[in-house]
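> Once you've had a glance at the structure underneath, I'll fire off some questions.
The values are calculated or read from the model by the stated rules, or taken from the named source; none is laboratory data. The structure presented is a predicted model; accordingly, all values stated were derived computationally and were not measured. Because the Cβ atoms are built from the backbone with ideal geometry, glycine has one as well, and the counts that use them run over all protein chains shown.
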Amino acid sequence: MIIPKKLPDKDELVLINIKKVMPYGAYCSLVEYNIDAYLPVREVASGWIKNIHEFIKEGQKHVAKVIFIDTQKNAVDVSLKRVREKEKKDKITEYNLENRAQGFYKQALIAAKIQDEANIRDQISKTFVTYSELIDYIYENKKLDNVDKNFEKAMLEIVEKNIKPKVYEVSYIASFQVYNTESGISTIRKTFHEIEGLDVTVTYLGAPNYSLVARGDNYPKAEEKIKKAVAIMEKTIKGEKGSLAIKKEAP
């Protein structure tokens, strides 16, 4: 976060570092906060735990869920067993992306020769909560309002250099036939030549099946290319007589 909170929220996913393992729980630090937390043994794993050391060890990092907060004592309890596998993966990805985004921010401070970093941080924190949000905004809008112009220029250059456009891909199987045996092959070739002009890749899988793959900077744009390809094939079988069936491939 650009301006870190003193305490996490209840049910928030956090990264913990195991500091000391005891028979009835473990003391750990919250990687993203400057505080410690306690992991009760009953929250380490489901079922009865005979030996806590079989599940956690000192120095390990884990994704945990905050289950109790005492704001007066700055006390936090966390749980491992309440974290689903997908939540764990998503949290690690989020943490890595935020670290990378913060690295870009620090590079820009150096490149722009910013002396008063606190002022820049205060300016951007009025609009953005995380460094990832800051980077996403710059990538989408190619600008950063209400900040030092040298810092804006440095951020734009760093984002442009390091963030590559994400490509989204959709894939379909088309069972496509033209019944006219004399002109069928040439008609199909002509149809697919027109489809490839839409930036759709056509691959022969064995009669009558063909793979259609389209890419775009978002899924709707990629799907729109497939829709146009299907319209071309429908026009072909309407004029030449034939059959068409389309099935989306699982990602």
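> So T181 clears everything in (1) over 30 Å from K238 (Cβ atoms); (2) in a loop (DSSP other than H, G, I, E, B) except one condition, right? Which one?
Among (1) over 30 Å from K238 (Cβ atoms); (2) in a loop (DSSP other than H, G, I, E, B), the lone unmet condition for T181 is (1).
> I'm trying to understand the selection: among the residues of region 20-57, which are closer than 26 Å to R100 by Cβ and among the charged types (D, E, K, R)?
Listed by number, the list holds a single entry, E32.
> To continue, here is another question. Would you point out which residue out of L39, L109, L144 is over 30 Å from K164 (Cβ atoms) and either buried (at least 16 other Cβ atoms within 10 Å of the Cβ) or in contact with a Phe, Trp or Tyr (Cβ under 9 Å, 6 or more places away or on another chain) (or both)?
L39 is the lone residue from the list that is over 30 Å from K164 (Cβ atoms) and either buried (at least 16 other Cβ atoms within 10 Å of the Cβ) or in contact with a Phe, Trp or Tyr (Cβ under 9 Å, 6 or more places away or on another chain) (or both).
> Continuing with this model, one more query. Out of region 12-30, which residues are in contact with a strand residue (DSSP E or B) (Cβ under 6 Å, 6 or more places away or on another chain) and exposed (fewer than 13 other Cβ atoms within 10 Å of the Cβ)?
Of everything in region 12-30, just one residue is in contact with a strand residue (DSSP E or B) (Cβ under 6 Å, 6 or more places away or on another chain) and exposed (fewer than 13 other Cβ atoms within 10 Å of the Cβ), namely K20.
> Taking region 14-48 as the search range and keeping residues that are within 24 Å of K86 (Cβ to Cβ) and in a loop (DSSP other than H, G, I, E, B), which one is modelled with the lowest pLDDT?
G47
> Another question, if that's okay. Any residue that is among the charged types (D, E, K, R) and either surrounded by 15 or more Cβ atoms within 10 Å (Cβ to Cβ) or at pLDDT below 95 (or both) - is there at least one of those in region 124-135?
yes
> A further question on this structure: Just to be sure I understand, how many residues within region 49-62 are surrounded by 11 or more Cβ atoms within 10 Å (Cβ to Cβ) and either outside any loop (DSSP other than H, G, I, E, B) or hydroxyl-bearing (S, T, Y) (or both)?
So the count comes out to 4.
> While we're on this one: For Y179, are the conditions met, namely being among the hydroxyl-bearing types (S, T, Y), surrounded by 17 or more Cβ atoms within 10 Å (Cβ to Cβ) and either in contact (Cβ under 8 Å) with a residue 24 or more places away in the chain or on the phi < 0 side of the Ramachandran plot (or both)?
Here the answer is no, as Y179 does not meet what is asked.
> In addition: For residues in region 238-251 being touching a helix residue (DSSP H, G or I) at 6+ places or on another chain (Cβ under 9 Å) and of a type in the set (A, V, I, L, M), which is nearest to I188 (Cα to Cα)?
Once the filter is applied, the top-ranked residue is L244.
> Among the residues of region 99-135 satisfying the criterion of being more than 14 Å from V147 (Cβ to Cβ), assigned to a helix (DSSP H, G or I) and of a type in the set (K, R), which is nearest to the chain's Cα centre (by Cα)?
Top of the filtered list is R100.
> Working only within region 109-159, note down all residues that are within 27 Å of K221 (Cβ to Cβ) and free of Cβ contacts under 8 Å to residues at least 12 places away in the same chain.
Selection gives E133, D136, Y137, E140, N141.
> The conditions are (1) farther than 30 Å from T127 by Cα; (2) in contact (Cβ under 8 Å) with a residue 24 or more places away in the chain, and K6 fails exactly one of them. Which is it?
Of the numbered conditions (1) farther than 30 Å from T127 by Cα; (2) in contact (Cβ under 8 Å) with a residue 24 or more places away in the chain, the odd one out for K6 is (1).
> Okay, moving on. Would you confirm whether or not region 196-209 contains a residue that is in contact (Cβ under 8 Å) with a residue 40 or more places away in the chain and either in a strand (DSSP E or B) or touching a Cys at 6+ places or on another chain (Cβ under 7 Å) (or both)?
Scanning region 196-209, I find no residue that is in contact (Cβ under 8 Å) with a residue 40 or more places away in the chain and either in a strand (DSSP E or B) or touching a Cys at 6+ places or on another chain (Cβ under 7 Å) (or both), so the answer is no.
> Being crowded, with 17+ Cβ neighbours inside 10 Å and either over 29 Å from T181 (Cβ atoms) or modelled with pLDDT under 90 (or both) is the filter here, so list the residues in region 217-235 that pass it.
Passing the criteria: A222, K225.
> For region 139-157, which positions are in a helix (DSSP H, G or I) and either in contact with a Cys (Cβ under 8 Å, 6 or more places away or on another chain) or under 21 Å from D116 (Cα atoms) (or both)?
Once the filter is applied, which keeps residues that are in a helix (DSSP H, G or I) and either in contact with a Cys (Cβ under 8 Å, 6 or more places away or on another chain) or under 21 Å from D116 (Cα atoms) (or both), region 139-157 yields K149, N150, F151, E152, K153, A154, M155, L156, E157.
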